[in-house]
Structures are given as structure tokens and as C-alpha cells.
Amino acid sequence: METKVKKINREALCKEDFAEAVKILKQGGLVAFPTETVYGLGGDALDAEAAAKIYSAKGRPLDNPLIVHIADKEDIYQLAKDIPDAARKLADKFWPGPLTIILKKGQLVPNSTTGGLATVAIRMPSDQIAAMLIRESGLYIAAPSANASGRPSTTRAEHVYEDLAGRIPLILDGGPVPIGLESTIVDLSGEHPIILRPGYITLEQLKEILPDVVYDRAVVSRHQDVNIVAKAPGMKYRHYAPKGSITIYEGTEDAVVSAINQQAKEKIEQGYRVAVLSASETSGRYQYGLVKNAGARCKEQQIAANLFEVLREFDEEKIEFIYAESFDTAQLGQAIMNRLLKAAGYHIVRV
Ligand code: TXA
Ligand code: MG
């Protein structure tokens with residue numbers, strides 16, 4: 001299958017730009033599109049066969065449910081049942097935006113979209129291209145991140161092409177996404193609200209609306225514990241991983257810099273291709289390997305926005321060993337470290 005990339009001008013969106021994408025979606029096909037978090041791989045959420053195509057294009061395990069994207073808050077009443085007040089409050093505060101809400105699944109949603117679960121994940125994206133695609137198609141759009149399963153999520157149309165060319169007919173190219181980490185997921189299907197995936201919307205922000213919201217234990221764990229089962233099926237898989245092995249160093253700035261320099265030097269002497277993932281404040285202090293600066297700690301949004309792209313660059317450079325600083329930044333640290341720890345297979349060293 002040939003994969004077409006269609007550039008969309010955000011400054012001048014017209015309905016015609018979406019005609020081809022809408023046609024493909026209505027026929028049960030797949031279209032990749034930008035959202036404010038990462039690129040999504042979309043298909044008709046109510047069409048079991050479209051869901052099957054999504055799983056197969058990504059090579060995704062079938063038990064890993066998809067997020068249903070909507071363009072109108074009221075749509076939750078079509079897709080879910082027994083909806084608590086909290087859902088309405090969260091939607092009013094954070095939608096459209098980078099928040100996914102898990103609710104009890106309504107009849108309309110096929111089991112293949114929810115990986116057989118009795119719950120459904122719903123999100124109303126704020127990206128104008130995503131919103132217009134959903135509106136123009138008149139569908140609910142199931143969309144996981146548009147990467148090959150296990151690889152870093154895609155923050156540019158070029159990344160989507162890298163992973164999915166030949167497997168999907170169309171990519172809408174809306175340029176680089178602004179946030180760069182996937183949505184925060186809150187589960188409202190049980191007795192207490194639980195954050196299943198940290199994201200741009202933080203625990204503190206959610207607490208203003210839901211004072212009793214907590215993180216799922218698997219989210220805050222610094223190591224992979226076989227006794228803790230992640231409630232979001234997707235969070236249990238090794239994820240976001242470049243081909244090289246990542247080790248994260250945590251400690252005082254001086255200790256981290258010196259440990260990474262020493263490790264990088266050793267591995268280079270052994271003939272390996274080595275890289276360092278650092279913040280801009282410290283990047284000048286690394287002397288060995290390919291040093292990639294993810295952004296400034298004092299502007300943590302930059303680090304979030306660049307993380308997946310930098311992980312992909314390590315693959316392009318055929319890097320075998322990656323030594324990373326820890327990014328426990330003020331607001332987004334939880335979300336950034338959640339992705340980085342998974343990418344590193346929880347390999348973290350305290351120095
Ligand atoms: O920002 C985002 O959320 C992006 C964009 C495209 O919207 N989408 C995204 O989808 O990250 P995906 O499929 O890569 O991640 C969805 C996560 C997975 O970890 C999945 O297991 C979890 O959401 N999930 C989906 N439905 C669920 C449910 N009913 N119960 C628990 N977890 C669920
Ligand atoms: Mg994903």
C-alpha cells in the first residue's frame with residue numbers, strides 16, 4: 001500500500017483538506033493525524049474491523065485498548081454509561097485537551113475497540129486538525145499513538161512515515177506537536193478516581209477538581225514490580241524504547257555528570273556507539289559520545305516535547321548505549337520519567 005502524506009496548513013484550514021481522509025475513515029480505513037499530544041492512528045471507533053486494522057498496522061497486542069476521540073463533550077453519553085458527576089467536571093475543566101477519561105462502556109462501542117474491557121477511554125483533543133477531522137467525518141475516532149508498537153510515540157508526521165509507511169493509506173501532516181507526551185489518563189470507572197498514566201495535566205491540577213484522585217501504584221513505582229499490575233493494559237508493555245539500551249543516572253548534578261562521563265568513556269574504548277541524554281544546563285559538561293540535549297530543566301515543556309524525537313535520533317545514529325540524566329522536573333517530571341523509565345526498562349542507577 002502506498003502511504004500518502006498530506007500537508008495541512010493550520011493557518012487556513014478548509015473542509016476540502018479533509019475530504020480524502022474522511023472518505024478513507026468512512027470506508028473503514030486508517031488515517032494518521034496530529035493531536036496536541038502525539039500523532040494518532042485513527043479509525044472508526046464503532047467499526048470492529050477498523051479497530052482490527054489499527055492493531056495490525058501497529059503490531060499492537062490485541063488486549064491493549066484504544067482511546068476514542070470525540071469532538072463534542074456530550075458524546076460521552078453515547079459512548080459510556082453510569083457516568084459520574086466527576087466526568088462532567090473534568091470535561092468542563094480540561095476538554096478539549098490532553099486528558100483521557102475512562103468510563104463504563106456503553107453498548108455502542110465494540111469490544112475490539114476496548115480490548116475486551118467493560119470500560120472505554122475517551123478524549124476530546126484540542127488540536128484543530130484532529131477536531132475538524134472528527135467533525136467532518138461524523139465519526140468517533142479510535143486512535144492509539146501512531147507509532148509501531150514498542151517504539152517511541154510520534155511527534156512529527158515524518159516519524160509516523162518512518163514507522164507506518166506501506167501500512168496505512170494517509171498521514172495528515174500538521175507539523176510538530178506542541179506537547180509531545182501522551183494524554184493524562186484518569187479512570188473514573190471505579191469507586192475512586194485513579195491516574196493510570198501521568199501526562200501534561202498534572203496530579204495537582206486534577207486534585208483541584210477531584211481532591212481524592214491518586215496515582216495508580218504502577219505509575220509511581222521506580223522499578224518494574226511483578227506484583228503490581230498496571231491498570232492501563234498498555235502501561236505494562238516495554239514501550240517507547242529505542243534500540244540501544246538506556247541507563248538513567250540519578251543523584252547530585254556533579255555525581256551524575258562524572259558517572260556518565262566515566263561510563264561513556266569506558267564503552268567508547270570498548271568500541272561501542274554511545275550517546276548521552278542531558279538537559280541543556282549540563283550538556284556542555286559531557287566529554288564522550290553523542291550528546292543530545294533534550295531541553296532546559298527550567299523550561300520542562302521543551303524536554304517533554306523533545307523526548308520521543310531524541311530517542312528516535314539515537315536509533316538513526318545506531319547508538320548502542322545511552323546514558324541519561326534523570327528529569328524529575330517540577331510539573332512534568334512524573335510524566336517525563338514515566339516514559340523514560342519504560343524506555344530504559346527501569347534501569348536506573350543512583351550515584
Ligand atoms: O495523547 C494520547 O492519549 C494519544 C493521542 C493520539 O490521543 N493516544 C494514545 O493512545 O496515547 P495509546 O493507545 O498509545 O495509549 C492508550 C493507553 C494505553 O496504555 C491503553 O492501555 C490505555 O490507554 N487504555 C485505553 N483504554 C483503556 C481502558 N478502557 N482501561 C484502561 N486503560 C485503557
Ligand atoms: Mg502508545
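On the range 35-148, 49 percent of the accessible area sits on carbon and sulfur atoms, based on a 1.4 Å probe.
If the segment from GLU20 to LYS89 were pulled out straight at 0.36 nm per residue, it would be longer than the present Cα-Cα gap by 21.3 nm. Across the cross-link table entries LYS207/LYS342; LYS7/LYS292; LYS4/LYS26; LYS267/LYS318; LYS7/LYS243, which are compared at the Cα atoms, the separations over 19 Å belong to LYS207/LYS342; LYS7/LYS292; LYS7/LYS243.
Extension gain for the segment GLU49 to GLN270, taken as residue separation times 0.36 nm less the Cα-Cα distance, is 74.6 nm to one decimal.
Can you give the log10 of the normalised intensity I(q)/I(0) at q = 0.11 Å⁻¹, computed with Debye over equal Cα scatterers of the chain? Normalising to I(0) and taking log10 leaves -0.71.
Taking N as the residue count of the range 1-47, its C-alpha radius of gyration divided by 2.2 N^0.38 Å amounts to 1.19.
Which of the trypsin sites (Lys or Arg not before Pro) found in the range 284-351 are in a DSSP loop and have at most 15 neighbouring Cβ atoms, other than their own, within 10 Å? Each step should come with its number before you reach the end.
Values: sites: ARG285, LYS292, ARG297, LYS299, ARG312, LYS318, ARG339, LYS342, ARG350; in loops: LYS318.
Counting only loop positions with at most 15 other Cβ atoms within 10 Å, the trypsin sites (Lys or Arg not before Pro) in the range 284-351 are LYS318.
Divided by 2.2 N^0.38 Å, where N counts the residues, the Cα radius of gyration of the range 170-289 comes to 1.40.
Atom-type composition of the exposed protein surface of the range 176-217 places 54 percent of the accessible area on carbon and sulfur (1.4 angstrom probe).
For the pair the range 1-39 / the range 321-351, the C-alpha centres are spaced 33 Å from each other. Counting alpha carbon pairs within less than 8 Å and at least 6 residues apart, what relative contact order, in whole percent, applies to the range 245-350? RCO, the range 245-350: 38 percent. Label-to-label distance, LYS4 versus GLN224, with points set 7 angstrom from Cα along the beta-carbon direction: 4.1 nm. For the chain, the solvent-accessible area with a 1.4 angstrom probe is 42 square angstrom per residue.
The convex hull of the Cα atoms of the range 62-173, projected and averaged over all directions, covers 7.4 nm².
Here each label is just a point 7 Å from Cα along the line to Cβ, and for TYR77 and LEU290 those points are 5.3 nm apart.
Heavy atoms only, probe 1.4 Å: what % of the accessible area of the range 245-350 goes to carbon and sulfur, would you let me know? Please report the intermediate quantities before stating the final value.
On the way: 1940 of 4430 Å².
Ligands and nucleic acids excluded, carbon and sulfur reach 44 percent.
Between GLU316 and TYR215, what is 0.36 nm times their sequence separation minus the Cα-Cα distance? Round to one decimal in nm.
Details: separation 101, 0.36 × 101 = 36.36 nm, distance 3.47 nm.
32.9 nm is the gain from fully extending GLU316 to TYR215.
Note down the Stokes-Einstein diffusion coefficient of the range 245-350 in µm²/s, whole number, using a Kirkwood radius over alpha carbon pairs, 10 °C, and 1.306 mPa s. D = 118 µm²/s.
Over the chain, what is the relative contact order in whole percent, taking alpha-carbon pairs under 8 Å and six or more residues apart? Each step should come with its number before you reach the end.
On the way: 788 pairs, mean separation 65.4, N = 351.
Over the chain, the number comes to 19 percent.
The values are calculated or read from the model by the stated rules, or taken from the named source; none is laboratory data. What you see is a predicted model, and the numbers here were worked out from it, not measured in a lab. Neighbour counts are summed over all protein chains in view; Cβ atoms, including those assigned to glycine, are modelled from backbone coordinates with ideal geometry. With ligands, DNA and RNA removed, areas are computed over all heavy atoms of the protein, side chains included. Shrake-Rupley method; radii C 1.70, N 1.55, O 1.52, S 1.80 Å.
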